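Here the structure is laid out as structure tokens; the discussion comes afterwards.
The values are calculated or read from the model by the stated rules, or taken from the named source; none is laboratory data. Quantities reported herein were computed from a predicted structural model and do not represent experimental measurements. Positions of Cβ are generated from backbone atoms using ideal geometry, with glycine treated the same way; all protein chains shown enter the neighbour counts.
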Amino acid sequence: MQQRQRQLPLTPKAAAQARSDRYMSEAFRIVEVSDLETIAAIQRLRAESWATTGLSASLFPNGQWRDPSEERPPFRHWAVFAGERIVAAGRLSIHAKLSEAPGGHLFAQLPCEIIPPIASINRLVVHPDARRQGLSRKLDEARLAAARAAGARTVLAYWSRITGMARYRSLESLGFVRVSEFDFFNEPPTGLVTAMILAWSPAGDQRHPSASATDSAGLQ
């Protein structure tokens, strides 16, 4: 009688690769969402994903990261679905005044021109199993298209080192310009952040903000 061959368990790395391969075989859907249940799922995804970057679990005592009033306008959310599961998400908001934008009080300290309407792209998150598949870029493009359609003149963004240099270069390739020193402020939950700006003319053509803070320093 032939003995059944015993299957060894996958190593954590192999298991993660298997999950990633499974996602690659599925069609990703990027959808703007507004229902409370999906936004709550995005808030849980943030905690689950950011915890893998070395951030303390104490930052997510309820297993989620939620910002005040983000379930309501002017906040808009995009989710990436693999089947029925959310594997990535990002947020956009558009404001008439800099003081109303997320982190607006920090950008107000910087020597750069910020013309309203002001868009802010933030809270980008990709599950570890779905990374390196271009989802961050797709979410950026979707949010920037929405910001442009809404008439935004300036787009604000933060870069954090926990997201890696590839993320910084991706923002640069989209036209964002650094307008602060590196790691100029501690912004929960991701820690030290660097401010970046994308500026458009009224016709939608890209222009570069004047930013003396970027003149002297290369990447550190």
Residue satisfying all of: in region 168-220; polar (S, T, N, Q) and modelled with pLDDT of 95 or more; surrounded by the most Cβ atoms within 10 Å (Cβ to Cβ) among these: S180
Identify all residues within region 121-139 that are within 18 Å of A101 (Cα to Cα) and in contact with a helix residue (DSSP H, G or I) (Cβ under 8 Å, 6 or more places away or on another chain); write none if there are none. I121, R123, L124
Can you say whether R143 is in a helix (DSSP H, G or I), out of contact with any strand residue (DSSP E or B) (no Cβ under 9 Å at 6 or more places or on another chain) and among the basic types (K, R), as far as the supplied structure shows? no
Could you look through region 50-65, keep only residues that are of a type in the set (A, V, I, L, M) and part of a helix (DSSP H, G or I), and pick out the one that is farthest from D129 (Cα to Cα)? L59
Scan region 105-128 residue by residue and report those that are β-branched (V, I, T) and not in a loop (DSSP other than H, G, I, E, B). I118, I121, V125, V126
Selected residue (only one of Q43, Q17 is surrounded by 12 or more Cβ atoms within 10 Å (Cβ to Cβ) and modelled with pLDDT of 95 or more): Q43
Cβ-Cβ under 7 Å, sequence separation 6+ or interchain: first residue in region 144-166 and more than 22 Å from H105 (Cβ to Cβ), partner of a type in the set (D, E, K, R). Which pairs? A146/R76
Of residues in region 177-196 being part of a loop (DSSP other than H, G, I, E, B) and of a type outside the set (G, A, S), the one farthest from L59 (Cα to Cα): V179
Of the candidates A152, A146, the one satisfying the condition of being within 24 Å of F81 (Cβ to Cβ), surrounded by 15 or more Cβ atoms within 10 Å (Cβ to Cβ) and out of contact with any His (no Cβ under 6 Å at 6 or more places or on another chain) is A146
With the requirement that a residue be surrounded by fewer than 22 Cβ atoms within 10 Å (Cβ to Cβ) and touching a residue at least 60 places away in the same chain (Cβ under 8 Å), what does region 99-111 give you? G103, L106, L110, P111
Region 80-98, subset among the small types (G, A, S) and part of a strand (DSSP E or B), residue surrounded by the most Cβ atoms within 10 Å (Cβ to Cβ): A89
